[in-house]
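Values quoted throughout were computed directly from the atomic coordinates according to the rules given, and no laboratory measurement underlies them. The shown structure was predicted, so the numbers you read here are calculated from the model rather than taken from an experiment. Glycine gets a Cβ as well: all are built from the backbone with ideal geometry, and neighbour counts include every protein chain shown.
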Amino acid sequence: MGPDPAVAGARSAVRASLADLAPGALVLVACSGGADSLALAGALSFVAARTGLRAGGVTVDHGLQRGSAERAEEVAGLLRGLGLDPVESVAVSVGRHGGPEAAAREARYAALNEAAERLGARVVLVGHTLDDQAETVLLRLARGSGARSLAGMARSGERYRRPFLGLTRAEVRRACLAMGLAPWDDPHNEDPAYARVRVRRTVLPLLERELGPGVAEALARTASQLREDADALDGWAVRALEKASDLEHSLDVRVLEELPQAVRSRVLRRAAVAAGSPAGTLAAVHVAAVDRLVTDWHGQRGVDLPGRVRAIRRYGKLHFGPAGVAGPGE
Ligand SMILES: Nc1ncnc2c1ncn2[C@@H]1O[C@H](COP(=O)(O)OP(=O)(O)OP(=O)(O)O)[C@@H](O)[C@H]1O
């Protein structure tokens, strides 16, 4: 008898996501002990044994709940039991920046990045599923995001890969249990104080009831279509930025005027970030204000942007530089 179909699906998703790596390469799994990342660890251990990859694991103790250190040790023990080596349990101190959830995530990714670099792992696997993707897309849709943001999480980035992005949470949980692994269910995942939990428990089930099943799959499909569109627009923006820039990093307004709005916004955003405006705080309203310097200009000189960057229009050029420093010709 072959393996349970859910286990087979999990293993083949992991195998496919690592197909480009040469034998001997170290792959880490980021494991919280939840069903998703535990199934990921089980599947990675299986795949590594058959492909010559090396498999290790990292669990991060955020120190936010009673008994978290003991649980991290238990998770590390489970990972070692699966034959993963090296296995690390890393304790982090979580700041208060942007709310406890965001702070925990920031501290976690910093710890995972540090471990990957120290251990020489090019790839770190995380256990996001199709349902996580659908929830992310719905949350972002409700906030009014553009294509890049509605594209959700990438299946594969520079360091992080998400082999389970095409599998549902139920499939992954089934795989975890069928592998004989006992997951730890984080009580936060049931706490309706979090918008994501309300989306999971109330909004998505309501949409499925009212609009028919398959809404989560449909949202995930929309995300991957928008990813293709956003990639194409970003590629166009990179080329347009190159074409519009002169040696002093000023942009030619005539070149900008010719661009479709979606591409011009991306060019302006990139130019502002390159001049030092932080990507995280540069909002659509800021980019729109700079855009008006191009398309609806009434002689005003400039626009102030986050990070003390100022965009200035002068003599047919748009210049981005530090606020308070005179631009070219000012
Ligand atoms: N404590 C942890 N230690 C190691 N890895 C973790 C931990 N918590 C989460 N992860 C990894 O991150 C994945 C996503 O977890 P979760 O959905 O809880 O994250 P999140 O807080 O929503 O943040 P993000 O989705 O941005 O990673 C997990 O499947 C797992 O791979």
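The table below gives the values:
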{"quantity": "Helix 68-81 vs. the chain, principal-axis angle (Cα, 0 to 90°, nearest 10)", "calculated": "70 degrees"}
{"quantity": "13 Å beta-carbon shell around residue 251, net charge (K/R +1, D/E -1)", "calculated": "+2"}
{"quantity": "Residue 295 versus residue 239: modelled label distance in nm, points set 7 Å from Cα along the beta carbon direction", "calculated": "2.1 nm"}
{"quantity": "Mean separation of Cα contacts under 8 Å, 6 or more apart, over the residue count of region 208-330: relative contact order %", "calculated": "20 percent"}
{"quantity": "Binned Cα-Cα distances of region 151-300, short to long, each 5 Å bin given as a whole percent", "calculated": "2, 7, 11, 13, 15, 12, 10, 9, 8, 7, 4, 2, 0, 0"}
{"quantity": "Region 1-74 - Kirkwood radius from inverse mean 1/r over Cα pairs (Å)", "calculated": "13.4 Å"}
{"quantity": "Neighbour-count ranking [beta-carbon atoms within 10 angstrom, fewest first] of 264, 50", "calculated": "50, 264"}
{"quantity": "Dipole moment magnitude, nearest 20 debye, the chain about Cα centre, only Lys, Arg, Asp, Glu C-beta charged", "calculated": "440 debye"}
{"quantity": "Inverse mean reciprocal Cα-Cα distance (Kirkwood Rh) of the chain, Å", "calculated": "22.3 Å"}
{"quantity": "Sequence of 194, 160 once ranked by neighbouring C-beta atoms within 10 Å, starting from the fewest", "calculated": "194, 160"}
{"quantity": "Residue 167 long-range amide H proximity, modeled H, under 5 Å", "calculated": "130"}
{"quantity": "Positive-end extreme of charge dipole, region 1-146 - chosen from 95, 120, 130 (charges on Cβ)", "calculated": "120"}
{"quantity": "Mean separation of Cα contacts under 8 Å (6+ apart) over length of the chain, as relative contact order %", "calculated": "15 percent"}
{"quantity": "Space enclosed by the convex hull of the alpha-carbon atoms of region 245-322, per residue, Å³", "calculated": "80 Å³"}
{"quantity": "For region 213-265 and region 7-54, distance of Cα centres in Å", "calculated": "34 Å"}
{"quantity": "Hull volume in cubic angstrom per residue (convex hull over the Cα atoms of region 1-160)", "calculated": "132 Å³"}
